[in-house]
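Asks: I am attaching a structure below and will ask some questions about it afterwards.
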Amino acid sequence: MSDIALVTGGNRGLGREVCRQLTQRGLTVLLTARSEEAAEAAAEEVGALPLRLDVTNPASIEAAAREVERRHGRLDVLINNAAITYDTWQRAATADLAVVREAAETNLYGPWRMVQAFLPLLRKSAHPRIVNVSSEAASLTGMGGGTPAYNTTKVALNALTRMLAAELRPDRILVNSICPGWVATDMGGPGGRPVAEGAAGIVWAATLPDNGPTGGFFRDGHPLPW
C-alpha cells in the first residue's frame with residue numbers, strides 16, 4: 001500500500017506542486033482546500049484525492065480526520081502548508097493586531113489543530129512525518145523589522161516544530177520546519193524561484209528515511225539558523 005499524505009492549502013501554488021510531486025513518487029495524496037470545488041479541480045489536475053478542509057475551523061478538521069480514518073485508517077505524512085497574510089505594508093510598532101490575530105489562526109493555530117486532530121492516525125503509520133512549511137523570515141538570527149503578522153506567526157510555528165519533535169520522538173514521528181525559499185506564487189509574487197524548486201524541499205522532508213532528522217529547520221535539505 002502506498003503512503004498516505006495530506007497537504008493543507010493544496011489547491012494552488014506551492015501546495016499544489018507539493019501534491020503533484022508526491023503523487024509522482026507514488027504516494028496517495030489528499031489535497032485539501034476550504035472549498036470542495038477548488039479541492040476537486042486541483043486534485044484532478046495533479047492526480048490527487050480531494051478533501052474539503054478549513055484549518056481555521058475545528059469542526060472542519062475533525063470531519064476531515066474522521067473521513068481519512070474511514071477511507072484509509074491511518075496517515076503517514078501531514079504537511080501543514082496553508083498560510084496567509086504576507087503583510088509587507090505593516091510595521092510591528094504600528095501593526096493592526098487584528099491582522100496579526102487573523103494570520104495566527106491559519107499560520108499557527110491551523111497546524112496546531114491539525115497535529116492534534118490527526119495524531120492518532122499518524123501514530124498508526126510505520127514511518128510518520130509532520131512537515132511545517134515555514135520561512136527563513138522566521139529566523140531570529142537575521143530578523144529585522146517589518147511583515148509582523150507573517151513573521152511572528154512563522155516564528156511561533158518553528159517553536160511548535162521544536163516542541164512537537166521532542167514530545168513525539170518516542171512515537172518515531174519526525175517533525176521539521178521547511179523554508180521553500182522565495183517562491184513565485186500568489187503570495188510570494190513574481191521574481192521568486194520556480195515553484196517546483198521550493199516544493200522539492202518540502203517533499204524531501206515528507207519522504208525522509210526513518211533515521212532522518214527531526215526538530216530541524218531546513219531549506220533544500222540544508223539546515224537554517226533558528
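The values are calculated or read from the model by the stated rules, or taken from the named source; none is laboratory data. Just so it is clear, the structure is predicted and the values come from calculations on it, not from any experiment. Here the Cβ is made from the backbone with ideal geometry for all residues, glycine too, and neighbour counts use every protein chain on show.
Asks: Given the criterion in a helix (DSSP H, G or I) and over 16 Å from the mean Cα position of the chain (by Cα), identify the matching residue among 117, 166, 200.
Replies: Working: 117 fails: over 16 Å from the mean Cα position of the chain (by Cα); 200 fails: over 16 Å from the mean Cα position of the chain (by Cα).
Within the list 117, 166, 200, the selection yields 166.
Okay, residues lined up against (1) among the hydroxyl-bearing types (Ser, Thr, Tyr); (2) in contact with an Asp or Glu (Cβ under 8 Å, 6 or more places away or on another chain); (3) outside any loop (DSSP other than H, G, I, E, B); (4) touching a residue at least 12 places away in the same chain (Cβ under 8 Å):
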{"residue": "121", "(1), (2), (3), (4)": "no, yes, yes, yes"}
{"residue": "125", "(1), (2), (3), (4)": "yes, yes, no, yes"}
{"residue": "141", "(1), (2), (3), (4)": "yes, no, yes, yes"}
{"residue": "151", "(1), (2), (3), (4)": "no, no, yes, yes"}
{"residue": "157", "(1), (2), (3), (4)": "no, no, yes, yes"}
{"residue": "214", "(1), (2), (3), (4)": "yes, no, no, yes"}
{"residue": "218", "(1), (2), (3), (4)": "no, no, yes, yes"}
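Asks: Here are some residues: 73, 110, 142. Which one is at pLDDT 95 or above, more than 20 Å from residue 165 (Cβ to Cβ) and either aliphatic (A, V, I, L, M) or out of contact with any helix residue (DSSP H, G or I) (no Cβ under 6 Å at 6 or more places or on another chain) (or both)? First the steps, then the outcome.
Replies: Values: 110 fails: more than 20 Å from residue 165 (Cβ to Cβ); 142 fails: at pLDDT 95 or above.
Testing whether each residue is at pLDDT 95 or above, more than 20 Å from residue 165 (Cβ to Cβ) and either aliphatic (A, V, I, L, M) or out of contact with any helix residue (DSSP H, G or I) (no Cβ under 6 Å at 6 or more places or on another chain) (or both) leaves just 73.
Asks: If I ask for residues that are basic (Lys, Arg) and either under 22 Å from the mean Cα position of the chain (by Cα) or buried (at least 18 other Cβ atoms within 10 Å of the Cβ) (or both), which ones from the range 73-112 would you list? Spell out how you get there, then give the answer.
Replies: First, the residues of the range 73-112 that are basic (Lys, Arg): 74, 91, 101.
The answer is 74, 101.
Asks: Related question: When you go through 16, 66, 34, 52 one by one, which is the residue that is of a type in the set (Lys, Arg) and under 13 Å from residue 202 (Cβ atoms)? Full working, then the answer.
Replies: Details: 66 fails: under 13 Å from residue 202 (Cβ atoms); 34 fails: under 13 Å from residue 202 (Cβ atoms); 52 fails: under 13 Å from residue 202 (Cβ atoms).
It is 16.
Asks: For the range 22-72, which residues satisfy the criterion of being among the charged types (D, E, K, R), surrounded by 14 or more Cβ atoms within 10 Å (Cβ to Cβ), within 19 Å of residue 12 (Cβ to Cβ) and touching a residue at least 12 places away in the same chain (Cβ under 8 Å)?
Replies: Answer for the range 22-72, where residues must be among the charged types (D, E, K, R), surrounded by 14 or more Cβ atoms within 10 Å (Cβ to Cβ), within 19 Å of residue 12 (Cβ to Cβ) and touching a residue at least 12 places away in the same chain (Cβ under 8 Å): 34, 52, 54.
Asks: Test residue 157 against the criterion of being of a type in the set (A, V, I, L, M) and out of contact with any Ser or Thr (no Cβ under 7 Å at 6 or more places or on another chain), and give yes or no. Explain how you work it out, then say what you get.
Replies: Numbers: of a type in the set (A, V, I, L, M): yes; out of contact with any Ser or Thr (no Cβ under 7 Å at 6 or more places or on another chain): no.
No, not satisfied.
Asks: Can you pull out the residues in the range 162-180 that are of a type outside the set (A, V, I, L, M, F, W, C), surrounded by fewer than 24 Cβ atoms within 10 Å (Cβ to Cβ) and within 30 Å of residue 87 (Cβ to Cβ)?
Replies: Step one: list which residues in the range 162-180 are of a type outside the set (A, V, I, L, M, F, W, C), which gives 162, 167, 169-172, 176-177, 180.
If we keep only those that are surrounded by fewer than 24 Cβ atoms within 10 Å (Cβ to Cβ) as well, we get 162, 167, 169-172.
Hit for the range 162-180 is 162, nothing else.
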